[in-house]
Each structure stands twice: as C-alpha cells, then as structure tokens.
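Undergrad: Can you read through this structure? Questions will come right after.
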Amino acid sequence: MVAEVSTADRYSRFAHFEAKGHSPLYQELASGVAADAEMLALLDDSLPKPKRQPNLLLAAVRLCHGVAADYGQFRGWVLDDPEPVLEIMRTHSTQTNEPARTAAMLPILSRIEGPVALVEVGASAGLCLYPDRFHYDFDGHQVGPESSPVRIRCAVEGPVPLPERLPEVVWRAGIDLNPLDVRNEDDVAWLRALIWPEETERQERLSAAVEIARAEPPLLFTGDLLSTLDSVVARAPEDATVVVFHTAVLNYLSPEGRESFYRKAMDLPVTWISQEAGGAFPEINAKVPEQRSDKALFVLAVSGEPIALTEPHGGWLRWFG
Ligand SMILES: C[S@@+](CC[C@H](N)C(=O)[O-])C[C@H]1O[C@@H](n2cnc3c(N)ncnc32)[C@H](O)[C@@H]1O
C-alpha cells in the first residue's frame with residue numbers, strides 16, 4: 001500500500017525541493033504552511049486533495065492580495081478571510097504558460113521545409129504557438145526578428161543543431177481543458193500570479209508574449225487532449241507539415257492516459273514533439289542515453305525518440321551526442 005502524503009508533507013517538500021534555490025519567499029511561505037496547524041486544517045477541510053497543492057495556494061493568494069512580505073502577512077490574509085482565496089483555488093488550476101519552452105523545439109522546427117501547422121495539446125493561453133515571432137539567443141547564436149519584444153536566452157550543451165532560420169508557421173491551434181484567453185484581463189492576471197515573485201524576467205516575457213498573441217490570437221479548442229486531438233489535426237491545412245507538440249502537460253494525466261496518448265501520437269501522420277518531465281513516457285525514458293538524478297528535468301523527444309534534456313522553463317538545452 002502506498003502511504004498517503006499529508007498536506008504538511010506536500011508543503012514541506014515543495015519548500016525544500018521546488019522553491020529552495022529559486023524563490024526564497026515561496027520557500028518561507030510553504031515551510032510556514034507546513035508547520036501551521038490552522039492553515040493545514042483550512043486546506044484539508046475546505047478543498048479536495050488535488051486542490052491543496054502549494055503552487056495553487058501561492059498563486060491564489062497572490063491574485064487576491066499581491067506579494068506577501070513574510071509568512072505572518074500571508075497567513076493573516078488567508079485566515080482573516082479565507083473564502084476568496086479558497087474560491088480561486090476551487091475554480092482555477094495551475095496553467096503556467098512559458099514561451100521560453102519553445103527554444104528547445106526550435107532546432108527541430110527550423111529544419112522543416114515549407115509551411116508548418118502547429119497543434120499544441122495542453123496549450124494554456126497558447127503562448128508557445130509563436131516560435132516564429134520570438135528572438136532567440138543560444139549562447140550568442142541569434143535567430144529571430146531583432147525587433148521581437150520576446151527575448152529568449154537558452155544555454156546549449158552538446159551537438160545542438162543550432163537553428164539558422166525560423167519555421168514558416170502558417171497555422172496554429174491549441175487544445176486545453178480550459179483554454180485561457182490572452183484578450184481577457186482576468187486570464188492574464190492568473191498567468192501572472194502563477195509566476196513566482198522573484199522571476200521578473202519571466203513576468204516581462206509573459207507580457208511581451210501576450211502582446212504578440214493578442215495581435216493574432218491563436219485558435220484554441222476546449223477539450224481533453226485524448227479525445228480532441230484527431231479532429232484538430234484534421235483541420236490543419238493540407239499542404240502544411242503538421243507538428244503536434246506539448247510541454248509540461250502529460251503529468252496531468254494518469255499513467256493509463258499517458259500510455260493512450262503515446263500510442264495515439266505515434267500513430268498519427270504528424271511530427272510529434274514532446275517536452276515533458278522524465279517519467280512521463282516510460283517508452284521514451286528507457287531510451288534516454290544519459291542517467292540523471294533530477295527527474296524533474298524535461299526530456300525532448302521527436303516522434304518517440306529522445307534527443308535532448310531541457311531545463312523545465314527553457315533555460316538550457318543539452319543535446320545527446
Ligand atoms: C503547465 S500548463 C503548460 C502550458 C504550456 N504547454 C506551456 O508549456 O507553457 C499545462 C496545461 O495542460 C492543460 N491540460 C492538462 N490536462 C489536460 C488534458 N487532459 N487535456 C487538455 N489539456 C490539459 C492544463 O489545463 C494546462 O493549461
């Protein structure tokens with residue numbers, strides 16, 4: 001029998017393994033919740049288990065009140081008036097949208113000749129659907145419009161086939177259980193609240209990517225990726241190479257759901273780019289040539305073949321030799 005992970009453990013693990021080294025404030029806040037019986041009781045008594053996750057609470061408080069100065073202020077905001085925070089947690093989910101994740105895919109996309117139709121599953125607001133509009137800097141190797149407000153820096157290691165051009169994207173579509181709309185201020189405020197307070201560069205990138213997407217909003221379909229993918233792929237222009245991709249999505253699915261998606265993606269007549277945490281697809285993971293202790297790192301794979309490791313927010317790319 002697998003032991004239940006308590007809410008206190010979840011917050012403690014989040015503080016020590018996720019926030020530590022990235023967000024001193026969120027490390028303090030999550031450690032505070034882990035040791036606070038009143039806060040833990042509120043979460044356990046008011047929310048179903050999946051809704052008690054640290055990132056959701058932290059973003060909900062941020063949306064309601066702003067950035068807390070310390071744990072005392074944070075707990076005061078929540079416990080003095082819990083309902084607004086709890087309501088956000090019930091009605092929202094973690095949908096962080098990080099356009100920098102496109103950097104790892106660019107070496108693959110840029111080698112496709114002719115028109116490309118992009119289909120992103122788990123697209124959130126669809127900000128990863130604009131790799132042809134961003135400026136990239138791969139350790140000094142630059143590609144993309146110099147005038148682009150979205151500047152993405154990606155460190156590279158190994159024999160990365162550095163892109164010399166951008167793909168010719170002629171069609172972009174996304175699928176999400178709950179697509180966010182870049183034209184909707186509440187949706188954009190939620191995307192902002194999901195970025196950790198110290199990550200100012202990510203906030204700036206989000207604002208710039210939202211401006212690009214607002215100028216030409218993506219086609220987003222509401223639905224489950226398993227049941228909706230075929231019909232969206234069928235809408236793509238016939239003369240384009242269809243690329244189905246996803247980043248940071250498959251861990252939302254059960255192991256059975258991931259297995260079904262793997263089979264579907266392998267069977268479709270498309271180029272399939274997957275960028276997911278190491279354990280998402282055992283079939284792909286088994287072929288990764290490099291052993292690594294950090295399972296949170298993403299594996300980049302093309303049509304089932306692993307080709308690189310990537311930093312989960314797009315900061316670096318390590319191509320397999
Ligand atoms: C962490 S976000 C990643 C967004 C984007 N791919 C990125 O990397 O910036 C994961 C997204 O997947 C969506 N999602 C989760 N399960 C899904 C499913 N079964 N079908 C469609 N979308 C799903 C969530 O709603 C969320 O917007």
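The values are calculated or read from the model by the stated rules, or taken from the named source; none is laboratory data. Just so it is clear, the model here is predicted, and its values are computed rather than measured. Glycine also receives a Cβ, built like all others from the backbone with ideal geometry; neighbour counts cover every protein chain displayed.
Undergrad: Looking at region 133-206, what strands (runs of 3 or more DSSP E) fall wholly within it and have at least 3 residues that are within 28 Å of Val232 (Cβ to Cβ)?
TA: 168-176
Undergrad: Still on this structure, please answer the following. May I ask you to list pairs of residues, at least six apart or on different chains, whose Cβ atoms are under 9 Å apart, with the first in region 225-246 being in contact (Cβ under 8 Å) with a residue 24 or more places away in the chain and farther than 20 Å from Glu259 by Cα and the second being away from the ligand (no atom under 13 Å from the Cβ) and in a helix (DSSP H, G or I)?
TA: The qualifying pairs are Val242/Val233.
Undergrad: Got a number for residues in region 82-119 being among the charged types (D, E, K, R), assigned to a loop (DSSP other than H, G, I, E, B) and away from the ligand (no atom under 16 Å from the Cβ)?
TA: Count: 2.
Residues checked against (1) within 17 Å of the chain's Cα centre (by Cα); (2) in the same structural domain as Ile108 (by TED's automatic domain parsing); (3) more than 17 Å from Asp176 (Cβ to Cβ):
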residue	(1), (2), (3)
Ala193	yes, yes, yes
Ala209	yes, yes, no
Leu226	no, yes, no
Val244	yes, yes, no
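Undergrad: When you scan region 120-163, how many residues do you find that are basic (Lys, Arg) and within 16 Å of the ligand (Cβ to nearest atom)?
TA: So the answer is 1.
Undergrad: Could I ask something else about it? Name the residue, out of Arg52, Arg75, that is farther than 14 Å from Leu194 by Cα and within 24 Å of the chain's Cα centre (by Cα).
TA: Of Arg52, Arg75, the one residue that is farther than 14 Å from Leu194 by Cα and within 24 Å of the chain's Cα centre (by Cα) is Arg52.
Undergrad: Which of (1) away from the ligand (no atom under 16 Å from the Cβ); (2) touching a residue at least 40 places away in the same chain (Cβ under 8 Å); (3) more than 28 Å from Glu201 (Cα to Cα) does Leu40 not meet, given it meets every other one?
TA: For Leu40, the exception is condition (2).
Undergrad: Would you confirm whether any residue within region 248-268 is touching a strand residue (DSSP E or B) at 6+ places or on another chain (Cβ under 8 Å), surrounded by fewer than 21 Cβ atoms within 10 Å (Cβ to Cβ) and either small (Gly, Ala, Ser) or within 15 Å of Ala301 (Cα to Cα) (or both)?
TA: Taking every residue of region 248-268 in turn, at least one turns out to be touching a strand residue (DSSP E or B) at 6+ places or on another chain (Cβ under 8 Å), surrounded by fewer than 21 Cβ atoms within 10 Å (Cβ to Cβ) and either small (Gly, Ala, Ser) or within 15 Å of Ala301 (Cα to Cα) (or both).
Undergrad: Still on this structure, I have one more. Could you check region 210-265 and list, in sequence order, the residues that are β-branched (Val, Ile, Thr), assigned to a helix (DSSP H, G or I) and within 12 Å of the ligand (Cβ to nearest atom)?
TA: Thr228, Val232
Undergrad: Write out, first by first residue and then by second, each pair whose Cβ atoms fall under 9 Å of each other, whose residues are 6+ apart or on separate chains, and whose first residue, in region 260-286, is at negative phi and in the same structural domain as Ala236 (by TED's automatic domain parsing) while the second is among the basic types (Lys, Arg) and within 16 Å of the ligand (Cβ to nearest atom).
TA: Gln275/Arg101; Glu276/Arg258; Ala280/Arg258; Phe281/Arg258; Pro282/Arg258
Undergrad: Note down all Cβ pairs under 6 Å where the first residue falls in region 7-34 and is outside any helix (DSSP H, G or I), the second is modelled with pLDDT of 95 or more and among the hydroxyl-bearing types (Ser, Thr, Tyr), and they're at least six residues apart or on different chains.
TA: Nothing qualifies.
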